[in-house]
Amino acid sequence: MNARPDAASLPIRLADYRAPAWRVEHVELDFELGIDATEVAAKLLLRRDPAQDEPLRLDGENLELLSIALDGQPLPTTAYRTIDGGLEVDGARDGSVLETRVRVQPAANTALEGLYLSGPRETGFLLTQCEAQGFRRITYFPDRPDVQSGYTVTLRADRARFPVLLAGGNPDGAGELEGGRHWARFVDPHPKPSYLFALVAGRLEKIERDYRTADGRDVQLKIWAEADAIERCHYAMDALERSMRWDEQAYGRNYDLAVFHVVATHDFNMGAMENKGLNIFNAKCLLADADTSTDDEYRRVEAVVAHEYFHNWSGNRVTCRDWFQLSLKEGFTVFREQSFSADMNSAPLKRIEDVALLRRAQFPEDAGPLAHPVRPAEYHEINNFYTATVYEKGAELVRMLAGKLGAAGFRRGTDLYFSSNDGRSATIEDFLAALGEANGVDLAPYLAWYGQAGTPHIKAHGDYDATRREYALTLAQHTPPSAQQPHKQPVPIPVKLALFGTDGHMLPLHLDGQTANGGTELVVVLDHAEQRFLFRDVAERPVPSLLRGYSAPVILECDYAPAELALLLAHDPDGFNRWEAGQQLALRACDALRDGSDPQAVTAWCDALAALFDDAQLDAALLADLLTPPGEIELAEREAVVDPARIHALRQQLQQRLAARLGAERLDARFRRLAAQTTAALDAASQAGRRLKQRVLQLLALLDPALACDHAAVQYRDAPNMTDRLGALAVLARHGATRSVEPLAHYRARYADDPLALDKWFALQAQLPGEGALARVQALEADPAFTLKNPNRARALLGSYASGNPTGFHRADGAGYRYYARHLLALDALNPQIAARLATVFNGWQRLEPQRRDAARDALAGLAAQDRLSRNLAEIVGNMLRG
Ligand code: TRP
Ligand code: ZN
């Protein structure tokens, strides 16, 4: 365990970057695999940078060194020494070969970083996780992404216990050994950084498919899982094939090995990992079938399969120079996945989903004590920087660049980026340079986005001059200060816009200085603190539709009247902005309920939705989203002082008003019609129908809980898929109290042996709001299936409680915080990455009302006072208290 960051442990800084003094041209790894002990022999061909005079230093953690030799000679103990987190070796020259032999303990590894055991020791399998710095827990190595090496990997193990042996790269022989053991060798022809190394060994089943790339390479696709899960991998296989085709067409990227392995594990810290040729997935993001997966989960599997596959180019062939550049691969790859998912499903719905996530997860991060730029300037623990800012805001930045260059220009840019950086460890500057150079534009101004934390706020104000028929749109930007950056620069903000007439049609646009083409949509770029855009020949006072498609990750404040938002909600053909108008109107309505301002806002919102409710043209899924006001986290973001109970009550009241406006009869009739169409089909229309059905049932429950529970009980009993089953169970648990006892027990028994389905059972109950939540969570903790050792299970109970249950977690008496902090501490001793991740739910604590704020501070301070915190948790808690 590492000491906590204090004055003595300095952060790693981007500004201190130095090219490596020593590289490894080639590495040969030999594993003698065992559950309790695995021996790793490594042979490193070293290259020295003649311009640097640094001793050879290798990273290494939790390694038991068994032997070490340089250029064939065993080293005396005086010729090497362990230094903080590594090994220093004397006497190495350019071209030297260093051989080490170490022992590691997979079964004792609860951090799930390095080599570890998934599942029970009798039946589980071994696997690795190396990003970001797990390779140093496998062998001594310069464990940094700008050291790229060829890999030859030999695995040896007992055949009966480990029938399947896999490593990244192409297979290069296999055979029998004495004593029931066997071996397999893999050679990776593409040099790679150590974080992309992977191996898997154990009892696994597979499904296979042959694939021929656009450039004519035959590839064997193999998805591996434990026997009970292998039949749930077919959907992922289809998604993989779709991803590969899409990347060929959209980016001209082909796969580059003879085999592509994908493996599912239930023990994983995050969603999935793009190891070269051997992707490893959290089972939650790979397995899918109708009986256990919701529609949302199907879409998530498709998205994560695509994300990891796309990394083969954006991340693997072109990797990151250092971990500060993480968004170079993550932001870009999230953007690529978003574009893919938009093509595979409904583009506006995907956009709505992504923006909702950005607002729920990234905006609060960017506005709180954990705020950091998309390219951070410093860190203590890199694993704490796999954040919504690096991923989701990073993707928004790429989207802005793509928008600026246009489809063809962006493709020219990415072609140049991939070709000029292939095999290299690149930077954000390299990315912007390639995109710019291919198009003859200077994208350097966009670099400001990467270096500055905080969400820009835009204020928009329109003035219409009827006599001159001119409309002046004034846009001003301001980014609030954050912990390390008191003063912010203006950034270039592309604002895609249209102007609407009162009849709901878009007006032709004539803008000074831009091609006055008379089209109805254009993009203006706000790159100063304030700018005025003058539209001529505007026939009437227009209603502006701004940031269409969400053209920049900013918070827009525009002085709309409720009726103007209602007009956009009724007419805007931009699906995203239509939804957005509804969200803005709902926010107005919420404010009105809170302080009596703008009383028409509530009726305007309800009336607008009532008018759309039976609109046969409207997509059912979009309607479901329109009927959903912004969530409690989003509402809290707008408050100077946050009382989670009050926000919950306010949002309930708002939904109550909507339900009342629609009326129980109409809701009931709509539910019955949708229920009659129920199928298990996965097509977009069927999914949309289920989404709307669930939303309608929730609204009905607010008016007539008994009737809604009657429907839910039938739906639970007859459900042909998990979406309907879980949806019904949620309504029963939320509104039926005693009526949910039997179905909850039924579900528990039905899925007793299915970890992913059981996680949903824990999560659903942990999210039930109100006073009883903490007691319920404590009771669930006593369930024999609960364990802190499994990240999915810990997240399902503790994570759902703290981030999915604002009233239950934010108890005024602070008992929720104390309970949670105790568990973070226990978790930290097992798995620091997960403890640190779960600790981020305290973000925003400073703005809580005084009683809760003090209780949250005490809980955090109690954690900070512990002297055995991991570096991971210490950094999060420290930043939280400092901010
Ligand atoms: N690079 C992975 C991705 O595709 C995420 C990742 C980073 C990860 N570190 C990890 C996954 C540790 C599992 C465990 O986004
Ligand atoms: Zn990724």
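The values are calculated or read from the model by the stated rules, or taken from the named source; none is laboratory data. These figures come from a predicted structure and were not determined experimentally. Neighbour counts run over all protein chains shown; Cβ positions are idealised from the backbone, glycine included. Each accessible area value is taken on the protein alone, full model and side chains, heavy atoms only, with ligands, DNA and RNA left out. Shrake-Rupley method; radii C 1.70, N 1.55, O 1.52, S 1.80 Å.
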Name every residue in the stretch 255-271 that is within 16 Å of ligand 2 (Cβ to nearest atom) and either under 19 Å from the mean Cα position of the chain (by Cα) or open to solvent by 10 Å² or more (accessible area, probe 1.4 Å) (or both), in order of residue number. 268, 269, 270, 271
Of the candidates 833, 846, the one satisfying the condition of being away from ligand 1 (no atom under 16 Å from the Cβ), outside the structural domain of residue 366 (by TED's automatic domain parsing) and either in contact with a Leu (Cβ under 7 Å, 6 or more places away or on another chain) or on the phi < 0 side of the Ramachandran plot (or both) is 846
Criterion (open to solvent by 10 Å² or more (accessible area, probe 1.4 Å), assigned to a loop (DSSP other than H, G, I, E, B), within 27 Å of residue 384 (Cβ to Cβ) and away from ligand 2 (no atom under 16 Å from the Cβ)) met by exactly one of 123, 110: 110
Restricting to the stretch 272-303, what's the tally of residues that are within 22 Å of residue 726 (Cα to Cα), within 15 Å of ligand 2 (Cβ to nearest atom) and open to solvent by 10 Å² or more (accessible area, probe 1.4 Å)? 2
Could you list, ordered by first residue, the pairs with Cβ atoms under 7 Å in which the first is in the stretch 248-275 and free of Cβ contacts under 8 Å to residues at least 40 places away in the same chain and the second is away from ligand 2 (no atom under 15 Å from the Cβ) and open to solvent by 30 Å² or more (accessible area, probe 1.4 Å), at least 6 apart or interchain? 248/214
Confirm whether residue 882 is outside the structural domain of residue 369 (by TED's automatic domain parsing), among the charged types (D, E, K, R) and modelled with pLDDT under 95. yes
Filtering the stretch 128-146 down to residues that are in a loop (DSSP other than H, G, I, E, B), more than 12 Å from ligand 1 (Cβ to nearest atom) and within 25 Å of residue 165 (Cβ to Cβ) yields 138, 139, 140, 143
One residue from 830, 788, 797 being open to solvent by less than 30 Å² (accessible area, probe 1.4 Å) and under 20 Å from residue 268 (Cβ atoms): 797
Go through 636, 608 for me and flag whichever is within 23 Å of the chain's Cα centre (by Cα), part of a helix (DSSP H, G or I) and of a type in the set (Gly, Ala, Ser). 636
Scope the stretch 378-411; condition open to solvent by 20 Å² or more (accessible area, probe 1.4 Å) and more than 19 Å from residue 877 (Cα to Cα); matching residues: 391, 392, 399, 403, 404, 405, 406, 407, 408, 411
Options 359, 399: the member that is more than 16 Å from ligand 1 (Cβ to nearest atom), within 30 Å of residue 641 (Cβ to Cβ) and among the basic types (Lys, Arg): 359
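So which residues in the stretch 357-407 are outside any helix (DSSP H, G or I) and touching a Lys or Arg at 6+ places or on another chain (Cβ under 8 Å)?
Of all residues in the stretch 357-407, those outside any helix (DSSP H, G or I) come to 368-381, 386-387.
Selection gives 369, 374, 377, 378, 380, 381.
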Regarding the stretch 800-814, can at least one residue be identified that is of a type outside the set (Asp, Glu), open to solvent by less than 60 Å² (accessible area, probe 1.4 Å) and under 24 Å from residue 753 (Cα atoms)? yes
Exactly one of 298, 309 is under 22 Å from residue 396 (Cα atoms) and assigned to a helix (DSSP H, G or I), and that one is 309
Please determine, by comparing only the residues of the stretch 324-346 that are within 13 Å of ligand 2 (Cβ to nearest atom) and among the aromatic types (Phe, Trp, Tyr), which one is surrounded by the most Cβ atoms within 10 Å (Cβ to Cβ). 332
Can you find a residue that is under 18 Å from residue 45 (Cβ atoms) and outside any loop (DSSP other than H, G, I, E, B) anywhere in the stretch 81-92? yes
Single unsatisfied condition, residue 649 versus (1) outside any helix (DSSP H, G or I); (2) open to solvent by 40 Å² or more (accessible area, probe 1.4 Å): (1)
Looking at the stretch 412-439, which of the residues that are assigned to a helix (DSSP H, G or I) and of a type in the set (S, T, N, Q) is most open to solvent (accessible area, probe 1.4 Å)? 419
Of the residues 250, 214, which is over 24 Å from residue 127 (Cβ atoms), open to solvent by 10 Å² or more (accessible area, probe 1.4 Å), touching a Gly at 6+ places or on another chain (Cβ under 9 Å) and more than 16 Å from ligand 2 (Cβ to nearest atom)? 214
Is it the case that the stretch 573-590 has a residue that's surrounded by fewer than 20 Cβ atoms within 10 Å (Cβ to Cβ), touching a strand residue (DSSP E or B) at 6+ places or on another chain (Cβ under 9 Å) and at pLDDT 95 or above? yes
Note on residue 311: of the conditions (1) open to solvent by 10 Å² or more (accessible area, probe 1.4 Å); (2) closer than 19 Å to residue 273 by Cα; (3) within 15 Å of the chain's Cα centre (by Cα); (4) within 16 Å of ligand 1 (Cβ to nearest atom), unmet is (1)
Just one of the numbered conditions (1) surrounded by 24 or more Cβ atoms within 10 Å (Cβ to Cβ); (2) within 16 Å of ligand 1 (Cβ to nearest atom) is not true of residue 349; which one? (2)
Which one is farthest from residue 653 (Cα to Cα), of the residues in the stretch 670-724 that are touching an Asp or Glu at 6+ places or on another chain (Cβ under 8 Å), open to solvent by 30 Å² or more (accessible area, probe 1.4 Å) and of a type in the set (A, V, I, L, M)? 682
For residue 361, which of the numbered conditions (1) aliphatic (A, V, I, L, M); (2) surrounded by 22 or more Cβ atoms within 10 Å (Cβ to Cβ); (3) closer than 28 Å to residue 878 by Cβ fails to hold? (2)
Please enumerate the residues belonging to the stretch 134-174 that are surrounded by fewer than 21 Cβ atoms within 10 Å (Cβ to Cβ) and either within 16 Å of ligand 2 (Cβ to nearest atom) or more than 25 Å from residue 97 (Cα to Cα) (or both). 158, 159, 160, 161, 163, 164, 174
Inside the stretch 440-451, can you point out the residues that are out of contact with any helix residue (DSSP H, G or I) (no Cβ under 9 Å at 6 or more places or on another chain) and assigned to a loop (DSSP other than H, G, I, E, B)? 440
Does the stretch 95-105 include one or more residues that are of a type in the set (Gly, Ala, Ser), open to solvent by less than 10 Å² (accessible area, probe 1.4 Å) and closer than 18 Å to residue 31 by Cα? no
